[in-house]
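In what follows, a structure is listed as structure tokens, so that the remarks can point back to it.
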Amino acid sequence: MTHADLVFLGGPVHTVDAARTRATALAVRGERIAAVGHDEVRDLVGPRTEVVDLAGRLLVPGFVDAHVHAVGGGVELGECDLTGTVEVADYLEAVRAFAAAHPDRAWITGGGWSMESFEGGLPDRRLLDAVVPDRPVYLLNRDHHGAWCNTRALELAGLTAETPDPSDGRIEREADGTPSGVLQEGATELVGRLVPARTPAESLAGLLRAQELLHSLGITGWQDAAVGSFGGFAGNDEAYLTAARDGSLTARVNGALWWERERGAEQIPELVEARSRLRHGRFRADTVKIMQDGVAENFTAAMTGPYLDACGCATQNSGLSFVDPEALRGHVTELDALGFQVHFHALGDRAVREALDAVEAARTANGHRGTRHHLAHLQVVHPDDVPRFARLGAIANMQPLWAAHEPQMDELTIPFLGPERAAWQYPFGDLLRAGATLAAGSDWPVSSPNPLAGIHVAVNRKEPGTADERVFLPEQRLDPVTALAAYTAGSAHVNGLDEAGSLRPGGLADLVVLDRDILTGPREEIAEARVLATYVGGEAVYRAG
């Protein structure tokens, strides 16, 4: 008998298989699972076997994040970090302190400010001028769809009252048309293009910083939702390739190649070349990311009807479709024929419909080719479109943390959607009941990368630790087993990791040990669970303490 290298005893072991099997022991040989069962697994313990006594703690498959910006998030951890607070005074002190600590930096960059901190969600350039008057400041907001700039940054970009809005964005303005300091969507690039490009070393350091954090949260693989050689993520591709080649990339990563929305089908040969080039070890880039719309809080998410104003009356604005819907159908059909997976940013109900229409056009033209197209965010989904996910084989990629009552939802979203559309938000339960495949991710650094927090909100539809007892659309809650499956088997499916996401003999030994059984314990305590150890291919990549 060949003994195992690693054996877990004293379960529970939740396998995430179709039968929802529970075991008490698991054995690993090399990078694969050798056995899942009970007392008989002890027979695989030999003199050199590492034995882990679970002592009632839960063993589950490694979490897979289906939508994350790992390199960008890791880089931002080393910049001016405004996360962790919603107080304007804290933001300004952080900017002042960062500028003082980095006197040689030509630009002050970073982000993480929340729209809820400012009236109407809009900060003013003069606030930044008061703490950094002499250097340009460019700070992305929490959702990364807007940027807060000081006057110096606007001057360097040449932005004035006469500067027109770009077709895919908006310059927020004062009464006389002067830019106020906030740029929305594509307008962010009017200043962002002047920010010095990251060096390869900075991108690689950001990736490794992010990987350490993600492993500590039990994440063994992910889909990076913006990989390319230009814009705000220039160098992401080479950072992954470098880490894959030198062995420092321990996670399993699928990169989503960015679709440049100002271009068309002429970029497809470039994507084919990039897919061929960006493949080594645990990294590949066989997905294309198409951002179809913006976000609801700044009224750029594409809706089937107009947004309301503060008085509850219909406006003339229904949001932005960044790619012409007819062209989108053609592009997705061609990408599908070439074997690409398409990863859509689709937040408003019109964008969701346009993305589903594109998937349907591809299926009609090419048949079902096994391409696992998925729609991320899904904030507003028209009820007529819910059944289409299962019919088309389009995967619902959830970011559950957003499906809760909090100021950005209650003050900046619900009043401007109206009661009917507000009730269509994040319909996880409806999608599940309609037969859709569910995957899950974080969109970090937009929100916390912690899968346990995401599972908590998917199950409870309340933020962890909140004193607010309101449940956000309770009929859309998921049970804990289903929510866990979305973060494991569902997201592994999205990433083409058919040998991961569940615990079965022959599968990859990507594993997480939790300090408690979140599937049988109190649902309101799921977010209190902690990761004790993370394994990728049977090798420990994180141990608590």
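What to note about this one:
- Hits in region 108-138 - residues which are part of a helix (DSSP H, G or I) and among the basic types (Lys, Arg): ARG125, ARG126
- Failed item in (1) in contact with a Lys or Arg (Cβ under 8 Å, 6 or more places away or on another chain); (2) crowded, with 17+ Cβ neighbours inside 10 Å, with ASN236 passing the rest: (1)
- Checked across region 452-475, the condition of being part of a helix (DSSP H, G or I) and over 30 Å from GLY74 (Cβ atoms) holds for at least one residue.
Each row is one residue, and each column tells you yes or no for (1) more than 30 Å from VAL513 (Cα to Cα); (2) in the same structural domain as ASN141 (by TED's automatic domain parsing); (3) of a type in the set (A, V, I, L, M, F, W, C); (4) touching a strand residue (DSSP E or B) at 6+ places or on another chain (Cβ under 7 Å).
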position	(1), (2), (3), (4)
PRO200	yes, no, no, no
LEU217	no, no, yes, yes
ALA226	no, no, yes, yes
THR242	no, no, no, no
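- Residues located in region 155-199, provided they are among the polar types (S, T, N, Q) and in a loop (DSSP other than H, G, I, E, B): THR160, THR163, SER167, THR178, THR199
- Residue match in region 73-96 (condition: surrounded by 24 or more Cβ atoms within 10 Å (Cβ to Cβ), modelled with pLDDT of 95 or more, in a helix (DSSP H, G or I) and not hydroxyl-bearing (Ser, Thr, Tyr)): yes
- Condition check for PRO445 on (1) buried (at least 24 other Cβ atoms within 10 Å of the Cβ); (2) assigned to a helix (DSSP H, G or I): one failure, at (2).
- Filtering region 381-404 to residues that are in a loop (DSSP other than H, G, I, E, B), out of contact with any Leu (no Cβ under 8 Å at 6 or more places or on another chain) and within 20 Å of GLU420 (Cα to Cα) leaves HIS382, PRO387, ALA404.
- Check on THR482, in a helix (DSSP H, G or I), at pLDDT 95 or above and touching a Phe, Trp or Tyr at 6+ places or on another chain (Cβ under 7 Å): no
- Filter result (within 11 Å of ILE526 (Cα to Cα) and buried (at least 18 other Cβ atoms within 10 Å of the Cβ)) within region 464-482: PRO464, PRO480
- Boolean, GLN379 is under 24 Å from GLN399 (Cα atoms), touching a residue at least 60 places away in the same chain (Cβ under 8 Å) and in contact with a Phe, Trp or Tyr (Cβ under 8 Å, 6 or more places away or on another chain): yes
- Of the residues making up region 241-252, at least one is in a strand (DSSP E or B) and modelled with pLDDT of 95 or more.
- Selection of region 416-449 for residues being modelled with pLDDT of 95 or more, out of contact with any helix residue (DSSP H, G or I) (no Cβ under 8 Å at 6 or more places or on another chain) and within 29 Å of LEU77 (Cβ to Cβ) yields only ASP443.
- Within region 488-514, tally of residues that are under 17 Å from TYR542 (Cβ atoms) and basic (Lys, Arg): 0
- The residues on offer are VAL288, VAL342, VAL352, and the sole one that is of a type outside the set (Ser, Thr, Tyr), under 21 Å from the mean Cα position of the chain (by Cα), part of a helix (DSSP H, G or I) and not assigned by TED's automatic domain parsing to the domain that holds LEU183 is VAL352.
- Any chance GLY490 is under 14 Å from LEU401 (Cβ atoms) and in contact with a Ser or Thr (Cβ under 9 Å, 6 or more places away or on another chain): no
- Test set (1) in contact (Cβ under 8 Å) with a residue 60 or more places away in the chain; (2) under 19 Å from VAL494 (Cβ atoms); (3) among the polar types (S, T, N, Q) - GLN408 fails condition number: (2)
Yes/no matrix, rows are residues, columns are (1) among the basic types (Lys, Arg); (2) modelled with pLDDT of 95 or more; (3) surrounded by fewer than 21 Cβ atoms within 10 Å (Cβ to Cβ); (4) under 18 Å from the mean Cα position of the chain (by Cα):
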{"residue": "GLU162", "(1), (2), (3), (4)": "no, no, yes, no"}
{"residue": "GLU185", "(1), (2), (3), (4)": "no, no, no, yes"}
{"residue": "ALA197", "(1), (2), (3), (4)": "no, no, yes, no"}
{"residue": "PRO200", "(1), (2), (3), (4)": "no, no, yes, no"}
{"residue": "LEU204", "(1), (2), (3), (4)": "no, yes, no, no"}
{"residue": "GLU212", "(1), (2), (3), (4)": "no, yes, yes, yes"}
{"residue": "HIS215", "(1), (2), (3), (4)": "no, yes, no, yes"}
{"residue": "GLY218", "(1), (2), (3), (4)": "no, yes, no, yes"}
{"residue": "PHE230", "(1), (2), (3), (4)": "no, no, yes, no"}
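- Counted residues, region 420-436 - those being of a type outside the set (Phe, Trp, Tyr) and either within 17 Å of THR304 (Cα to Cα) or assigned to a loop (DSSP other than H, G, I, E, B) (or both): 9
- Inside region 332-341, residues that are crowded, with 23+ Cβ neighbours inside 10 Å and out of contact with any Ser or Thr (no Cβ under 7 Å at 6 or more places or on another chain) make up a count of 2.
The values are calculated or read from the model by the stated rules, or taken from the named source; none is laboratory data. These numbers come from a predicted model, not from an experiment. Don't worry about glycine lacking a Cβ; one is built from the backbone with ideal geometry, like all the others, and counts go over all protein chains shown.
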